[in-house]
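Heads up, the thing below is written out as structure tokens.
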Amino acid sequence: MNFQRNDFPTGFLFGAATAAYQIEGHQFGGAGSTHWDTFAAGPGNVVRAENGALACDHYHRFAEDLDLTRDAGMDAYRFSTSWARVMPDGRNVNPEGLDFYDGLVDAMLERGLQPFQTLYHWELPSALADKGGWANRDTCAYFGDFTDVITDRIGDRVASIATINEPWCVAYLSHFLGHHAPGLRDIRAASRAMHHILLAHGTALARLRDKGMSNCGIVLNFDHTEPNDADPDATQAAATTDAIFNRWFIEAITKGSYPTEALEGFAPHMPENWQDDMELISQPIDSLGVNYYTRHMVSADQGAVWPHAVSEDGPGDKTQMGWEIYPDGLRSFLSRLAHDYVGELPIYVTENGMAWNDHVKDGVVDDQTRIRFIDDHLAATRHAITDGVNVRGFFYWSLLDNYEWAFGYEKRFGLIHVDFETLKRTPKASYHALKSAIAR
Ligand code: FCB
């Protein structure tokens, strides 16, 4: 890598991120069924219908995984606490689930890793999906109860709490595009989910404040969006796409309003009196998590349903996901967010990474493309800091190869290779490169 730890401000945190369902093994420890278990069992939803029942078996191997995180010289570890593990039916507590996260947080602290918790990284209990999941307003209050239960147990030891991971994926990708659980393609369900996921954030944040927590925020994903050509319709389509993807959530949180370009499609289907919730949704946060992966080019398609837009991957080199590698997008988002929305508020890059078809050969995974990827995105982060943006840390997605949702186990994002037959962990060349760069 072309950087060293001391190229970043003192106290800048380097870490890696994971999420419960993607690594733990949800069949263990009394966890309840989640909507991902049932979505995966539906026809054609997930590659080879794979699910998170075993995943990386982190439930039993977390000590080894956290040893590897510490040995890489990392400062922090981002993880999620599965609602369905802690409350298998979404309402009643599973003591084993709480014990697991209690031990996990202690294991991080024993290794000098700051625990960065995410409350919801998509592990919705099936019993709540039965009642309409995020299309149902009641789910927000239940989420508040889950927030209370898990915070009472581990809130004294976590360094940071993000309420929701990537609300765009929870709402739009899952209820309008149908690619993630629950796999709906329904504008009414999507409009409700777009609002309720923010109401859940506001509800959880209020519960956290009641407990005196002062290290709270949310993790949003951003996708660099450009018109594909000079056609004014493409400009319009890109603006609407940008409003739905990049502006909806951050504007609601920082300004208490939704962008008009996006409301144009959602307004007729929004829950009644949604305006009354905007005050709760726009309570101050303490930090913002930014997930950034790629750029999309947008064309107009008047024949398609609103938002009359088609997005394609940008023209540059692609990862195993087919996503364009576009580090400039990260720099520009960090600056745009500071300038338009959050000012001096601390920002963490909570996810950035790439999938590659990695193989172990003679005990080595030589992932040079990933080394360049990380280097370039950390350079973009550094530039944003030089531009005056208050970026406080960077978490690589992901620590381990894991369950990549609708893509099953096929897409490898990890710094550490996982053999899904034997569950053997093999740190990749990128792990070693990052380790030397951030060594003290
Ligand atoms: C993000 C998710 C994360 C992982 C990466 C590749 O959208 O937060 O769980 O799937 O993408």
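The values are calculated or read from the model by the stated rules, or taken from the named source; none is laboratory data. Model, not experiment: these values are computed from the prediction. Reconstructed Cβ throughout: ideal geometry from the backbone, glycine too, with neighbour counts over all protein chains shown. Each accessible area value is taken on the protein alone, full model and side chains, heavy atoms only, with ligands, DNA and RNA left out. Shrake-Rupley method; radii C 1.70, N 1.55, O 1.52, S 1.80 Å.
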Estimated FRET transfer efficiency when R0 is 25 angstrom, pair residue 283-residue 260 (beta carbons, to 0.05): 0.60
Whole-Å distance, taken between Cα centres, linking the stretch 373-431 and the stretch 295-341: 20 Å
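If the viscosity is 1.306 mPa s and the temperature 10 °C, what Stokes-Einstein diffusion coefficient in µm²/s follows for the stretch 5-437 when Rh is the Kirkwood radius over Cα pairs?
Details: Rh = 21.6 Å.
Once the numbers are plugged in, D ends up at 73 µm²/s.
I want the local charge near residue 125. Using Cβ-Cβ distances under 11 Å, sum +1 for each Lys or Arg and -1 for each Asp or Glu among the other residues.
Working: positive: 85, 91, 131; negative: 37, 89, 123, 130.
After counting each charged neighbour, the total is -1.
Would you mind computing Rg(Cα) / (2.2 N^0.38 Å) for the stretch 1-118, counting N as its residues?
Numbers: Rg = 16.4 Å, N = 118, 2.2 N^0.38 = 13.5 Å.
For the stretch 1-118, the normalised Cα radius of gyration is 1.22.
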Dipole axis of the stretch 5-437 (+1 Lys, Arg; -1 Asp, Glu on Cβ), positive-most option in 227, 241, 399: 399
Gained length - residue 339 relative to residue 130, 0.36 nm times residue gap less alpha-carbon distance: 71.1 nm
Amide N proximity, the stretch 259-278 versus residue 306 label position 7 Å along Cα-to-Cβ, cut-off under 17 Å: 259-275
Amide H contacts of residue 408 (H built 1.01 Å from N, under 5 Å, at least 5 apart or other chain): 47
Nonlocal amide H pairs with residue 77, under 5 Å, H built at 1.01 Å: 114, 116
Accessible surface ranking that places the most exposed of 296, 179, 58 first, with a 1.4 angstrom probe: 179, 296, 58
Under Karplus coefficients 6.51, -1.76 and 1.60, residue-wise ³J(HN,Hα) of the stretch 24-30 in Hz, glycine/proline x: 5, x, 7, 7, 9, x, x
In Å², nearest 10: area of residue 424 left accessible to a 1.4 Å probe: 130 Å²
Positive-end residue, the stretch 5-437 charge dipole about Cα centroid, Cβ charges, pick of 164, 150, 52: 150
In range of the label at residue 67: residues from the stretch 1-31 whose backbone nitrogen is under 11 Å from the point 7 Å along Cα→Cβ: none
